[in-house]
Every structure is written in structure tokens, then in C-alpha cells.
Amino acid sequence: MSFSGGSFANSNDKGEPGDFEFHAPLFDSELEAPEQDPLQSFIEQKAGQEIWREYTPSSSDNIWTFFQNQSLSELDLIDLFKVDKAEAYLADLEPVETIRYQLYGNNRLARLSLTMKSGETVLLQKNEDSLFALSINSGDQLPEFKTFTGEIQGSLYQSARKSGVSTSAILQFATIFQWQIDFNKDLRAGDHFELLIDDSLKNSEGFDGNILAARLYQEDETHTAVRYSDGQYYTPEGKMLSSSFSRYPLGKKSRISSGFNLARKHPITGQIRPHRGTDWAVPVGSAVYAPADGVIVKAQKNHPAAGTFIEMRNGRRYVTRYLHLSQLNVKTGQQVRKGDLIGRTGNTGLSTGPHLHYELFVDGQAVDVMTAKLPTGEALQGDALTRFQIATHPLISAMNQDQAETLIAREENLRPKAD
């Protein structure tokens, strides 16, 4: 007798998986969706239609799976392929670094932007006749940018909007520094920000360009980021602004007993139910480590399905979950660093064999951790660093000049006025 998707084994007295253990993966409906980032939630309620949403394609993605994962209309996909020369960019996502898109109120696609690894930006947007038109920024010219500066008084959203920053750029700003600061609680009145936003597509009505460089001035620290042709953000010294992110919370590769599968047939009921995680068959008590820096959102026992489980927010865009644990080594609200011990595997909740069920969400969407494109936190070196410094020098110079002018203006305001 055989069953699809699960694993058979007999557990020994120590809870170690044998050769015929079976466990049934958790149904998605039995655990609530992860909590949304408060800033994201607020802005979506305030101005959801204006937001540019961002998606990083994985090695297994194509344009069809992208549309499926983001619940976009197939009719829009058909219309995109009708555009002259669009198929050359849409047929293969391997050369695509980042996809950004904007929706109308009816959830139909308004604009689609592809940032290519070559540095090109391809924009497809609907015109007055509701037909998509294609425009391309080659990325070869010197950057054209518009500078926005402001001071935090109240919320980031209020302060940035007062300075003319779009809602999409506010979210992008918070994402750039997501590993350095929590924009929901770490900003203080008097903090200053400076954004250099791409203005090269200014003739494309409604298009919000990417942030090319950003700086956040706080009382005891200044954070600086510049965008490179690979679509990533780095410090001026060439260090990527992200925590490195491991695919393996067990600290090593282990046997996968059930993989990520959105059309999985449950081995007992025969029903098609999504399996939005990856299961590793490991002995009870195996150490579980934080795959990236983060904060513990939930550390809970006795859930009827998940058993003892942990939910962690990693940066602003990522949420990870660890189910069926036997032990918690963290508490709700605790900050953790990559590699910290957070718990130990078990067989609790809806589970009939010792294993770890691990889930990864990016921007609220469940993704396959084994294929998802994850931040590396790498630093540029050698020729790559030299090319980066040459390419980003105009942006750094512009920010340094603006910083000097701002300091002079502050000093003049602080000088005693003559009688």
C-alpha cells in the first residue's frame, strides 16, 4: 500500500524516525495567516491602489507562476503578450531581478515594471484605451533623480507624505532598512530622512521610480543605502543591506518528507489541500535555529493543529514559522540573531510522527523556501566593488552635498539673532 506525499516510518522510544513513519502535513486553514507588517497594513488601508508591490522571482518561477502566486488576472497576462516586443521580456524570468506592479481598485493590473539584471527597466502600463504599452529605460545614462528630504514629526507616513514622497516610496524606504530598524517603533521625532528617487521615467504618467539612494539620520546613527544595477541596496562600502538568510533552520540539510505543494493530495482524505511548508523528518529534540535576524511574533503551546510553534518576523517582508515543536527557547517579543537556538523539534499538535514543519512567507504570500530567492547579506569585493563605487559615486556625492547644505542651514538657525 502506498500514499502520495507523507512519509512512513516507525518511531523508536527516543522519538527517532525509523523507516516507516507517517505524518500528515498540516492543513493551511488550521492556522491563521501571519500578521501583516503594521506599516504595510496602515498604508494599504490608506492608499492601497497607489502602492507598487514588489516580487522577487525564484529560480523556478515563470510569468505564469508569478501571476498565480500574486492572484493576478489571466486576462491581463493575455493582454501583456499582445504587446509588441513584450514576449522577449516576459517569456523567461531568469534575467529579471525584481518585478513591481500596481493594481486598479478592481484588482486588475495597471502597470508592470521589470528590473533586469542588466540594469534595464521595462515598464508596461495601460494607456487611455486600456491597452498595455511598453517603454524601456536602458540604465546606461547617468541617473536622473529627484531629492526628497523631511523630518519625522508624528508617523513616518505623515512626515514623508508632507515632503511629497509617494506611498510606494515610503514602503520601499522601510524595506531598504528593514534589517537595521523597525519603522513601526524605532523612529523618533527629529530624525531626518533623504531620498533620491529615479526620475528618468518622469514622462510616464503615474510611474513611481525606484529609490536610488536613501539616508536616515538618527540621534546616534546614520544609515545610508545606494541601489546598484542588480536591484539590491548596499552601504557606500559595498555591504548588502540585509541579513543573510539560511534555507535550513535545522542548521544542516535533512531529509525532506513532504515538500511545498499548492496542489497536494492529502494522503489520508484524498482531498486537494495546499501544503504551504516544507517538512523535515528528524528526531524529537533536534535543535531549531533562527535562519535570519528577527523578532518573535508568537511562541505558543497547545495549538490544536500546530502544537507548540513559533512565528518570527525577519525584517519587514519575511515571516517564518516552525510547527510541532517539543520545546520553546524564546518568548514573544524577543529579538534573535541568525543562528540563535529558538526551539527543538517534536511531534505535537496535528502530527503522527516527529518532524519539523517550516513555512516561509514573503509579503504575506507563502513561498517554497527551497526555491525562493533569499537575501544573502554579501559584500562586494575586488572588481565588483570597484564597478559599484564608480556607478554609485554620483548618488553618494549628491547626498553628501545635500547633507552639508542641511548642516549649514541648521547652524544658521541655531545662531543667536542680532538685536
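Points worth noting:
- Filtered by the rule that a residue be under 14 Å from E32 (Cα atoms) and either more than 19 Å from the chain's Cα centre (by Cα) or not in a strand (DSSP E or B) (or both), segment 279-298 gives a lone residue, K298.
- Criterion (touching a Leu at 6+ places or on another chain (Cβ under 7 Å) and outside the structural domain of Q172 (by TED's automatic domain parsing)) met by exactly one of L93, L72: L72
- For segment 255-265, the candidate set comprises residues that are surrounded by fewer than 18 Cβ atoms within 10 Å (Cβ to Cβ) and in a loop (DSSP other than H, G, I, E, B); within that set, the residue that is modelled with the lowest pLDDT is A263.
- Of all residues in segment 37-96, those that are surrounded by 15 or more Cβ atoms within 10 Å (Cβ to Cβ) and part of a loop (DSSP other than H, G, I, E, B) total 12.
- Taken as a whole, segment 303-317 holds at least one residue that is in contact with a Ser or Thr (Cβ under 6 Å, 6 or more places away or on another chain), in a strand (DSSP E or B), outside the structural domain of N184 (by TED's automatic domain parsing) and more than 22 Å from D186 (Cβ to Cβ).
- Filter pass, Q158 being within 30 Å of N400 (Cα to Cα) and surrounded by 14 or more Cβ atoms within 10 Å (Cβ to Cβ): no
- Residue in segment 321-331 that is of a type in the set (K, R) and in contact with a strand residue (DSSP E or B) (Cβ under 6 Å, 6 or more places away or on another chain) present: yes
- Number of the exception - G139 against (1) modelled with pLDDT of 85 or more; (2) within 22 Å of I176 (Cβ to Cβ): (1)
- Search result, residues across segment 380-396 that are small (G, A, S) and at pLDDT below 90: A391
- Any hit, segment 329-336, residues being small (G, A, S), touching an Asp or Glu at 6+ places or on another chain (Cβ under 7 Å) and assigned to a loop (DSSP other than H, G, I, E, B): no
- Residue count, segment 206-253 (criterion: in a loop (DSSP other than H, G, I, E, B), among the hydroxyl-bearing types (S, T, Y) and farther than 23 Å from V362 by Cα): 1
- Odd one out for D191, checked against (1) surrounded by fewer than 21 Cβ atoms within 10 Å (Cβ to Cβ); (2) free of Cβ contacts under 8 Å to residues at least 40 places away in the same chain: (2)
- Condition check for V295 on (1) of a type in the set (V, I, T); (2) over 23 Å from Q365 (Cα atoms); (3) surrounded by fewer than 19 Cβ atoms within 10 Å (Cβ to Cβ): one failure, at (2).
- L350 meets the conditions (1) within 18 Å of V284 (Cα to Cα); (2) out of contact with any helix residue (DSSP H, G or I) (no Cβ under 9 Å at 6 or more places or on another chain) in every case but one. The failed one is (2).
The values are calculated or read from the model by the stated rules, or taken from the named source; none is laboratory data. None of these values were measured; they are calculated from a predicted model. Reconstructed Cβ throughout: ideal geometry from the backbone, glycine too, with neighbour counts over all protein chains shown.
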